[in-house]
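S.K.: Here it is, the structure in full.
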Amino acid sequence: MTFELSEDHEVFRKVVRDFAEREVAPHVARWDRERHFPVNVVRAMGDLGLFGLVVPEQYGGSAGSDSAGGDFTSLCVAIEELGRVDQSIGITLEAGVGLGINPILTFGTDEQKQQWLPDLVAGRALAGFGLTEAEAGSDAGATRTRATLDGGMWSIDGAKAFITNSGTEITSLVTVTARTGAESDGGSRERSPAEISSIIVPAGTPGFTVEPAYEKLGWHISDTHGLSFDDCRVPEANLLGRRGDGFRQFLAVLDDGRIAIAALAVGLAQACLDLSVRYAGERQTFGLAIGARQAVAFSLSDLAVSVEAARLLTYKAAWLKDAGRPAAAIKQAAAIAKLYSTEAAVAATRVATQVFGGNGFMEEYPVARFYRDAKILEIGEGTSEVQRMLIARGLGLPVQ
């Protein structure tokens, strides 16, 4: 057994950390204040190979190469290190790979992969994943968006909510989940179970409208929009995978995404610990550094324990995926990692702002931004309640 990342992974971590501290850290406070999405940083991440870590070389990625990348663990390392500096930049990579690239890479035809992946891998383009709706969040199977075949074209009608990377100037497509089966058998009996499929919708398609950006509590740098579809017509060949497989597809996508969100949370928690320890050693009260006070020292000791536990759970889940372990084991580990790490991250921001005192409430200090950014980690890609439900089902409990 080993509880350490490989030497290659640690070298790769340093590369990403240097990039984040050089290209992101000096500008992030202004970007956050101005709600600015830095396209140049996305392109630079592409140049660094971050979007191609799990993508085969034939599509421009590094999977299968002799480089330090090429596995899911490397992606988690990159997300953690970016998230340690800024959560919005971290989620841009996480969603760009997990929700943008992954559906096409996993379920697309070779023609679809050849058409879309090279630009996405290179950071020249981004893709979104249109799953969530106003009335279909945790219950994603309740989607109301519909797609009907008409003369070799899908006609899509409906709306999506909270879609990341969907409205940037380099967004090239959104993969949309939609009902593609009959609503009923003529109205004489109860509604049949929904047939859900995934369809690739290129940016700029007539009938596809990107709504104004949300005014969010946190993740100010991240691009997030609602989407609407009004007789949005795309070729029948834009179907992703088989008709009716959309439900299975998005469940698989979310399992991977939960591990990556856990890595993002680990980055935030580690940042809070690092900032708090440094501040506790510098800030003086009553003639002593506040780190000499047991109240502060013990709270930071507890925080160090939670960061270590979150990291171990996260990278265990990533290892299970890289090792090709059974899907059920990966699903359970992903839910455990996501639940523990995201709740640990939210707690870490409370500890950090308390250690910083009044300064922790000021936007000039990073802990204030982390405090705002943390809460969504317990919600996105499956709420904490959903994770507990999945874990309970993994234990064999008939929880509803």
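S.K.: Taking the beta-carbon count within 10 Å as an exposure proxy, list 353, 177 from fewest neighbours to most.
M.R.: On the way: 353 21, 177 28.
Fewest-to-most ranking of 353, 177: 353, 177.
S.K.: Taking the chain, how many lysine pairs are there with alpha carbons less than 30 Å apart, if each pair must be eight or more places apart or span two chains?
M.R.: The number of close lysine pairs in the chain is 26.
S.K.: Can you give me the pair-distance distribution of region 272-316, C-alpha pairs, 10 Å bins, whole percents?
M.R.: 27, 45, 20, 7, 1
S.K.: Can you give the three extents of the C-alpha atoms in region 263-400 along their principal axes, from longest to shortest, in whole Å?
M.R.: In descending order, the Cα extents are 56, 24, 24 Å.
S.K.: In terms of modelled amide H atoms, which long-range or inter-chain residues lie less than 5 Å from the amide H of residue 181?
M.R.: 195
S.K.: Let me have the relative contact order for region 247-394, percent, based on Cα pairs under 8 Å that are six or more residues apart.
M.R.: 33 percent
S.K.: By how many degrees, between 0 and 90 and to the nearest 10, does the Cα long axis of helix 110-122 differ from the longest principal axis of the chain?
M.R.: Value to nearest ten degrees: 30.
S.K.: Order these by the 10 Å Cβ neighbour count, fewest first: 126, 273, 117, 251. Write out the running numbers ahead of the final one.
M.R.: Numbers: 126 31, 273 19, 117 25, 251 13.
Fewest-to-most Cβ neighbours within 10 Å comes out as 251, 273, 117, 126.
S.K.: In debye, nearest 20, what is the charge dipole magnitude of the chain about its Cα centre with +1 on Lys and Arg Cβ and -1 on Asp and Glu Cβ, if you could check? If you can, show how the numbers build up before the last one.
M.R.: Details: 38 positive and 51 negative charges, 166 e Å.
That gives the chain a dipole magnitude of about 800 debye.
S.K.: Turning to a different aspect of this structure: Can you find, among 200, 212, 227, the residue sitting farthest towards the positive end of the charge dipole of region 129-243, where Lys and Arg contribute +1 and Asp and Glu -1 at Cβ?
M.R.: Going by the charge dipole, the pick is 200.
S.K.: What fraction, in whole percent, of alpha-carbon pairs in region 7-124 exceed 25 Å separation?
M.R.: Values: 1363 of 6903 pairs.
Result: 20 percent of Cα pairs exceed 25 Å.
S.K.: How much mean residue ellipticity at 222 nm does the chain get from its helices, if each DSSP H run of length 4 or more adds -39500 (n - 2.57) and you divide by all residues, to the nearest 500 deg cm²/dmol?
M.R.: Details: 12 runs with 187 residues, N = 400.
Calculated mean residue ellipticity at 222 nm is -15500 deg cm²/dmol.
S.K.: Also, quick follow-up: Write down the percent of antiparallel bridges among all DSSP beta bridges whose residues are both part of the chain, to the nearest 5. Please report the intermediate quantities before stating the final value.
M.R.: Details: 30 of 37 bridges.
Around 80 percent antiparallel, to the nearest 5.
S.K.: From the backbone phi of region 123-140, what are the Karplus-calculated ³J(HN,Hα) couplings (6.51 cos²θ - 1.76 cosθ + 1.60, θ = phi - 60°) in whole Hz, Gly and Pro given as x?
M.R.: Values per residue, Gly and Pro as x: x, 7, 8, 10, 9, x, 10, x, 10, 5, 10, 4, 10, 9, x, 4, 8, 5 Hz.
S.K.: Could you give the angle, 0 to 90 degrees to the nearest 10, between helix 384-394's Cα long axis and the longest principal axis of the Cα atoms of the chain?
M.R.: Compared with the principal axis, the helix lies near 70 degrees.
S.K.: A further question on this structure: Can you put 45, 1 in order, fewest other beta carbons within 10 Å first? Write out the running numbers ahead of the final one.
M.R.: Numbers: 45 24, 1 2.
The most exposed by this proxy come first: 1, 45.
S.K.: Taking the dipole about the Cα centre of the chain, with the C-beta of Lys and Arg at +1 and of Asp and Glu at -1, give me whichever of 273, 128, 317 is farthest to the positive side.
M.R.: Toward the positive end, the furthest listed residue is 273.
Only the coordinates and a few stated rules stand behind these numbers; no lab work does. Computed from a predicted model, the values in this text were never measured in an experiment. Using ideal geometry, Cβ is built from the backbone for each residue, glycine included, and neighbour counts are taken over all protein chains shown.
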